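A quick write-up on the structure given underneath.
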Amino acid sequence: MSIKIDDSILSLAKCMNCRKCCSFSELERQDAPMFTARQKIRVSRELPQLNVQFEEVGHLWRVRLRRQTHGGRTTYVCPFLDEAPYLCRVYAYNVLDCRTWPYLAVRMGHRIVLALSRTCPIVAGRDRREVVRIGKEVRGPEMLAAARRNPGGVLQYDAKDIMLLDLGRFSLCRDASSVPGSSARVQ
């Protein structure tokens with residue numbers, strides 16, 4: 001299985017040895033990847049042996065993470081991470097959260113902002129202007145369109161993330177306002 005990384009911001013070699021994007025703390029569990037209904041069906045058809053569970057969030061499906069404890073430390077890991085070769089079993093499914101990592105589209109009032117996850121250690125050393133430029137030109141338009149298609153899957157801005165730029169006014173249409181505590185990334 002091969003893996004594609006957006007090498008404009010990340011490095012395949014560094015990513016393959018990290019995988020922080022696939023594991024979450026207790027407080028980050030709500031950040032688990034979101035899948036469309038079509039992607040969820042594909043998972044159950046192609047990978048039934050994984051017995052992956054999802055929870056519905058608006059029109060999207062958040063994958064249920066697997067709890068792991070090592071040395072007294074508990075983390076929650078994406079069930080699609082094949083830990084032996086450190087590869088994603090569903091990367092070819094083109095899941096937006098995974099494809100656009102470490103960028104996040106989040107809600108601040110009635111605005112969508114592009115944020116950067118502090119969890120990714122690889123971008124920490126990058127020039128902030130370059131990170132913003134790539135977000136604005138490459139990731140922002142795609143993420144804004146996804147947020148508008150699936151407003152129920154948009155995170156509230158969390159101070160743990162780094163706000164990069166304003167993507168525009170956000171209409172809380174469909175079911176975004178009816179999803180209590182909606183805190184998932186856009187899909």
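List pairs: first residue in the stretch 36-47 and touching a residue at least 12 places away in the same chain (Cβ under 8 Å) and closer than 19 Å to residue 153 by Cα, second residue small (Gly, Ala, Ser) and not in a loop (DSSP other than H, G, I, E, B) anywhere in the structure, Cβ distance under 8 angstrom, at least six positions apart or on different chains.
none
Scanning the stretch 91-129 for residues that are of a type in the set (Lys, Arg) and not in a strand (DSSP E or B), which turns out farthest from the chain's Cα centre (by Cα)?
Within the stretch 91-129, the match that is farthest from the chain's Cα centre (by Cα) is 129.
Among the residues of the stretch 54-67, how many are touching a strand residue (DSSP E or B) at 6+ places or on another chain (Cβ under 8 Å) and touching a residue at least 12 places away in the same chain (Cβ under 8 Å)?
Of the residues in the stretch 54-67, 9 are touching a strand residue (DSSP E or B) at 6+ places or on another chain (Cβ under 8 Å) and touching a residue at least 12 places away in the same chain (Cβ under 8 Å).
This table checks each residue for (1) modelled with pLDDT of 90 or more; (2) more than 15 Å from residue 78 (Cα to Cα).
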site: 18; (1), (2): no, no
site: 21; (1), (2): no, no
site: 24; (1), (2): no, no
site: 30; (1), (2): no, no
site: 35; (1), (2): yes, no
site: 38; (1), (2): yes, yes
site: 41; (1), (2): yes, yes
site: 50; (1), (2): yes, no
site: 55; (1), (2): yes, no
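If the Cβ limit is 7 Å and pairs must be 6+ apart or interchain, which residue in the stretch 15-33 that is more than 20 Å from residue 56 (Cβ to Cβ) pairs with which residue that is surrounded by fewer than 15 Cβ atoms within 10 Å (Cβ to Cβ) and polar (S, T, N, Q)?
26/74
Just wondering, is there one or more residues in the stretch 110-125 that are over 19 Å from residue 57 (Cα atoms) and either touching a His at 6+ places or on another chain (Cβ under 7 Å) or of a type in the set (S, T, N, Q) (or both)?
yes
Return the residues of the stretch 60-79 that are in a loop (DSSP other than H, G, I, E, B) and under 28 Å from residue 149 (Cα atoms); say none if nothing qualifies.
64, 65, 78, 79
Can you pull out every residue in the stretch 70-88 that is loosely packed, with under 15 Cβ neighbours inside 10 Å and of a type outside the set (Asp, Glu)?
The answer is 70, 71, 72, 73, 74, 84, 85, 86.
Return the only residue of 158, 127, 175 being among the acidic types (Asp, Glu) and modelled with pLDDT of 80 or more.
From the options 158, 127, 175, the qualifying one is 127.
Does the stretch 36-59 hold any residues that are over 23 Å from residue 147 (Cβ atoms) and either in contact with a Lys or Arg (Cβ under 6 Å, 6 or more places away or on another chain) or part of a strand (DSSP E or B) (or both), and which are they?
53
Yes/no matrix, rows are residues, columns are (1) loosely packed, with under 12 Cβ neighbours inside 10 Å; (2) over 30 Å from residue 168 (Cβ atoms); (3) hydrophobic (A, V, I, L, M, F, W, C):
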{"position": "42", "(1), (2), (3)": "no, yes, no"}
{"position": "51", "(1), (2), (3)": "yes, yes, no"}
{"position": "59", "(1), (2), (3)": "no, no, no"}
{"position": "105", "(1), (2), (3)": "no, no, yes"}
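Condition test on residue 132, is it aliphatic (A, V, I, L, M), out of contact with any His (no Cβ under 7 Å at 6 or more places or on another chain), surrounded by 20 or more Cβ atoms within 10 Å (Cβ to Cβ) and modelled with pLDDT of 80 or more?
No; evaluated as a whole, the condition is false for this residue.
The values are calculated or read from the model by the stated rules, or taken from the named source; none is laboratory data. On a predicted model such as this, the values are computed, not experimentally measured, just so you know. Quick reminder, even Gly has a Cβ in these numbers, built from the backbone with ideal geometry, and neighbours come from all protein chains shown.
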